[in-house]
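Novice: Take a look at the following structure, please.
The values are calculated or read from the model by the stated rules, or taken from the named source; none is laboratory data. If you're wondering where the values come from, they're calculated on a predicted model, not measured in any experiment. All Cβ positions, glycine included, derive from the backbone under ideal geometry; neighbour counts span all protein chains shown. Note: areas computed on protein heavy atoms with side chains; ligands, DNA, RNA excluded. Shrake-Rupley method; radii C 1.70, N 1.55, O 1.52, S 1.80 Å.
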Amino acid sequence: MAAICITNIKLLVNTREQHHVLKGSELTDLPCINDAYLIVEDGIIASYGKMNSGADANKFGGHTIDASGQMILPAWCDSHTHLVFAASREEEFVDKIKGLTYAEIAAKGGGILNSARKLFETSESELLRLAWGRLQEVIQTGTGAIEIKSGYGLSVESELKMLRVIKKLKETSPIPIKSTFLGAHTYPLEFKENHAGYMDLIINEMLPVIAREKLADFIDVFCETGFFSPEETETICKAGISYGLKPKIHANQLNLSGGTQVGVKLGALSVDHLETMDDDAIKVLAASNTIGTLLPTAAFFLRMPFQPARRLIDAGCAIALATDYNPGSSPSGNMNLVIAMSCIQMKMLPEEAINAATNNGAYAMELQDETGSITVGKKANLIFTKPIPSLAFLPYSFGTNLIDKVMISGEFV
Ligand code: NIG
Ligand code: FE
């Protein structure tokens with residue numbers, strides 16, 4: 001593949017020679033270069049700098065793209081999605097408008113169980129076709145790396161079916177994908193009174209096959225009142241860890257579930273959701289190496305209080321932002337909306353939100369060596385904005401598509 005030089009970039013965003021997980025006040029530091037160039041070779045960022053530095057841009061003899069007036073950002077890193085699902089659930093959406101709660105819908109066999117029934121009836125090839133379409137859609141909105149969970153299977157056969165779909169997506173996707181096994185999303189009806197029985201299936205029937213076929217990178221548990229207790233979460237995650245799967249946990253969404261504490265204790269890569277946090281959970285997270293992943297579109301869609309981003313950041317936590325793309329609590333995979341909501345409703349600064357959606361999102365998937373910042377050697381997965389007056393204009397103009405083009409591994413999609 002030929003080399004490309006992008007010239008006259010109004011602002012090259014998140015340029016980092018070195019990178020690490022950004023915690024607390026570090027999140028406000030978003031290094032940028034005005035009037036910049038960027039050279040891509042074989043799909044990889046080869047060099048970048050200031051246009052007038054007389055450096056590589058002027059000596060460049062190959063193909064040039066003029067980005068006058070445009071900003072370039074690292075593509076979004078969406079570290080929490082349930083993008084493989086069989087069908088939408090807008091009938092529950094209407095039920096909620098009429099007054100039913102998420103818990104009430106779940107209790108009458110809706111929610112996750114509804115998605116599991118539909119997934120059971122859908123073939124692997126059809127699931128793949130549907131998920132592929134969603135993947136293309138989110139790439140168009142600037143997502144350049146993504147995590148995808150199982151969890152709508154809830155039986156050995158269906159969980160493996162979901163994970164095989166994710167594996168096929170990985171093999172053909174232009175963007176990096178990480179796979180998470182979420183067999184412990186809810187108890188299937190037949191195991192409602194027999195938790196030990198379902199945990200046995202997860203640990204002794206699902207995990208060995210998943211490990212043998214290399215179907216997952218991480219393990220997840222929905223640690224929540226009425227779903228999996230902290231003790232059950234610990235048992236399942238420890239089994240996953242024994243197969244090399246690091247935990248990424250659904251924690252503190254609906255209740256003070258103890259999910260954050262158990263996640264930190266297990267050395268989880270991330271604890272995700274965090275709508276419901278008290279001082280102890282915040283303190284424990286801040287003192288750990290676990291990333292807190294906030295999913296504001298899920299809070300928005302479920303009409304819940306937003307995650308306490310300011311308290312988390314002020315306490316020194318590492319924060320990532322993700323979509324939670326799924327048919328029940330966030331039927332949108334649009335990271336631009338997540339960033340806007342984080343600034344508007346959670347009072348994150350635009351710089352904090354962009355760092356959380358790129359650098360820290362990459363770390364929350366262990367993809368930090370491939371993506372998440374403008375760094376030599378990382379993939380040229382880039383967002384080209386339309387002409388905009390400032391970076392803050394991105395979240396400020398919520399709902400407006402300000403992306404001109406998306407580049408994945410050096411090619412426009
Ligand atoms: O992340 N919280 C649990 N799981 C999903 C929702 C799943 C569903 O309703 O289908 C979430 O919000
Ligand atoms: Fe989720």
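Novice: Looking at Ala86, Ala107, Ala103, can you tell me which residue is open to solvent by less than 60 Å² (accessible area, probe 1.4 Å) and either within 16 Å of ligand 1 (Cβ to nearest atom) or modelled with pLDDT of 95 or more (or both)? It would help to see each step written out before you state the result.
Specialist: Working: Ala107 fails: open to solvent by less than 60 Å² (accessible area, probe 1.4 Å); Ala103 fails: open to solvent by less than 60 Å² (accessible area, probe 1.4 Å).
Sole residue among the options that is open to solvent by less than 60 Å² (accessible area, probe 1.4 Å) and either within 16 Å of ligand 1 (Cβ to nearest atom) or modelled with pLDDT of 95 or more (or both): Ala86.
Novice: While we're looking at this one, here's another question. Which count do you get for residues in region 264-305 that are of a type outside the set (A, V, I, L, M), within 14 Å of ligand 1 (Cβ to nearest atom) and touching a Ser or Thr at 6+ places or on another chain (Cβ under 9 Å)? Outline the logic, then answer.
Specialist: Pass one, region 264-305, residues of a type outside the set (A, V, I, L, M): 265, 267, 270, 272-273, 275-276, 278-280, 283, 288-290, 292-293, 296-297, 300-301, 303, 305.
This time we only want the ones that are within 14 Å of ligand 1 (Cβ to nearest atom), so: 270, 272-273, 275-276, 293, 296-297, 300-301, 303.
Subset that is touching a Ser or Thr at 6+ places or on another chain (Cβ under 9 Å): 270, 272-273, 276, 293, 296-297, 300-301.
Qualifying residue count for the region: 9.
Novice: For the subset of region 349-392 comprising residues that are farther than 20 Å from Val138 by Cα and not in a loop (DSSP other than H, G, I, E, B), which member is most open to solvent (accessible area, probe 1.4 Å)?
Specialist: Selected residue: Glu351.
Novice: Please find, within region 257-273, the residue that is farthest from ligand 2 (Cβ to nearest atom) out of those that are under 20 Å from the mean Cα position of the chain (by Cα) and not small (Gly, Ala, Ser).
Specialist: As a first pass, look at region 257-273 and keep what is under 20 Å from the mean Cα position of the chain (by Cα): 259-260, 263-264, 267-273.
From what is left, the residues that are not small (Gly, Ala, Ser) are 260, 264, 269, 271-273.
Numbers: Thr260: 15, Val264: 19, Leu269: 15, Val271: 12, Asp272: 6, His273: 7 Å.
Here the answer is Val264.
Novice: Can you tell me which residue among Ala353, Ala340, Ala392, Ala380 is closer than 30 Å to Ser115 by Cα and of a type in the set (A, V, I, L, M)? Quick ask: steps written out before the conclusion?
Specialist: Values: Ala353 fails: closer than 30 Å to Ser115 by Cα; Ala392 fails: closer than 30 Å to Ser115 by Cα; Ala380 fails: closer than 30 Å to Ser115 by Cα.
Answer to the check: Ala340.
Novice: Please list, ordered by residue number, the helices (runs of 4 or more DSSP H) wholly in region 77-154 having 2 or more residues that are within 16 Å of ligand 2 (Cβ to nearest atom) and in the same structural domain as Leu321 (by TED's automatic domain parsing).
Specialist: Working: elements: 90-97, 102-107, 112-120, 124-140.
Counting at least 2 such residues, we get 102-107, 112-120, 124-140.
Novice: Further, regarding this structure: Criterion first (among the acidic types (Asp, Glu) and surrounded by 13 or more Cβ atoms within 10 Å (Cβ to Cβ)) does Asp66 satisfy it?
Specialist: On the way: among the acidic types (Asp, Glu): yes; surrounded by 13 or more Cβ atoms within 10 Å (Cβ to Cβ): no.
So Asp66 fails the test.
Novice: Which members of region 274-329 meet the condition of being assigned to a loop (DSSP other than H, G, I, E, B), over 17 Å from the mean Cα position of the chain (by Cα) and among the aliphatic types (A, V, I, L, M)?
Specialist: Within region 274-329, Met277, Ala287, Leu302, Met304, Ala315 meet the criteria.
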